Amino acid sequence: MFGKNLKKIRSVHGMSQQEFAELFDLKRATLGAYEEDRSNPKLETVVKIAKHFSIGIEDLLTKELTVNRLLRFNEAITVVPGEPQTKGIEGIACITENNKEDFIKQYSIANNISNIQLSHVYLPHVNGAHKLALVINDLTMSGGANGYLPKDMVIGTQVPLNEIEKVNGELVLAVTAKDIFFRKMSYQGDKAVLKANHPGVEPIVLNTSEILGLWVVIHLFRYTLPTNDNELEQRLSQLENTIASLRQKSSW
């Protein structure tokens, strides 16, 4: 591979045969013979070239050098597909606005997240087993001092359906055959009541049999840092939603 490697080295460094030959006290014709495999170099010459370009002698003589290698790029990144950084970390199935409808349809049939194709969130400090993440896309839970805003993400841990009644006053992700709700859940008799933080949003009352999957929210990841501007924007959004809700009721 020596001749082929010489040509590649010259090309990468933009050197003519004459320039390269003079650098190592060679005649241009001698260098041409090396590159065309018509002559074998002296060991002394090989050592000089290898040392000058910081290349192993064995590599120079027996391996086809890559452009990445000659330019000192990391070939593990640029050439060889590496192991994913998420190896060993279990992902958390994540529901977004784009896959929400498909998730609801498939979950109504499967009742098991593992059988549904979803994007995943990987967090090194959160085990993904029995977890479900939801990216918020509305303002139903935006009320109060610690409101939840669009693009925030909540993560819940699954509750067995036979233990639903143990969940009371908790923030939950509740899946039905028609929708997925992020609300605070409480009970009135044998009914599950899902309450929103926003004052203009009416509670949703469900029979417990309508709930196909339930996750108690245990983590929140903010999309933006809380600021006074965010709080003002949130209050304006709440006011707009309240006015819209009142107009809708008055039209009835």
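The values are calculated or read from the model by the stated rules, or taken from the named source; none is laboratory data. Predicted, not measured: the structure shown is a model, and the values here were computed from it. Every residue, glycine as well, gets a Cβ built from its backbone with ideal geometry; the counts of neighbours run over all protein chains shown.
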Could you give me the residue pairs with C-beta distances under 7 Å whose first residue belongs to the range 50-68 and is assigned by TED's automatic domain parsing to the domain that holds L23 and under 12 Å from I9 (Cα atoms), whose second residue is of a type in the set (S, T, N, Q) and exposed (fewer than 14 other Cβ atoms within 10 Å of the Cβ) wherever it lies, and which are 6+ apart or on separate chains? N68/T78
Filter pass, G128 being in a loop (DSSP other than H, G, I, E, B), in contact with a strand residue (DSSP E or B) (Cβ under 6 Å, 6 or more places away or on another chain) and either under 16 Å from I92 (Cα atoms) or not β-branched (V, I, T) (or both): yes
For the structure I just gave you, tell me whether S250 is modelled with pLDDT under 85 and assigned to a helix (DSSP H, G or I). yes
Selection from the range 109-134 of residues at pLDDT below 85, surrounded by 14 or more Cβ atoms within 10 Å (Cβ to Cβ) and either closer than 23 Å to I204 by Cβ or not assigned by TED's automatic domain parsing to the domain that holds V201 (or both) yields I113
Among the residues listed as N137, N197, N168, the single one being of a type outside the set (D, E), free of Cβ contacts under 8 Å to residues at least 24 places away in the same chain, in a loop (DSSP other than H, G, I, E, B) and in the same structural domain as K105 (by TED's automatic domain parsing): N168
Mind counting the residues in the range 106-140 that are under 17 Å from H219 (Cα atoms) and among the aliphatic types (A, V, I, L, M)? 9
What pairs come up if the first residue lies in the range 111-131 and is within 14 Å of Q158 (Cα to Cα) and without any contact (Cβ under 8 Å) to a residue 40 or more places away in the chain, the second is among the charged types (D, E, K, R) and surrounded by 13 or more Cβ atoms within 10 Å (Cβ to Cβ), and their beta carbons are under 8 Å apart, counting only those six or more places apart or on different chains? N127/E90; G128/E90; A129/E90
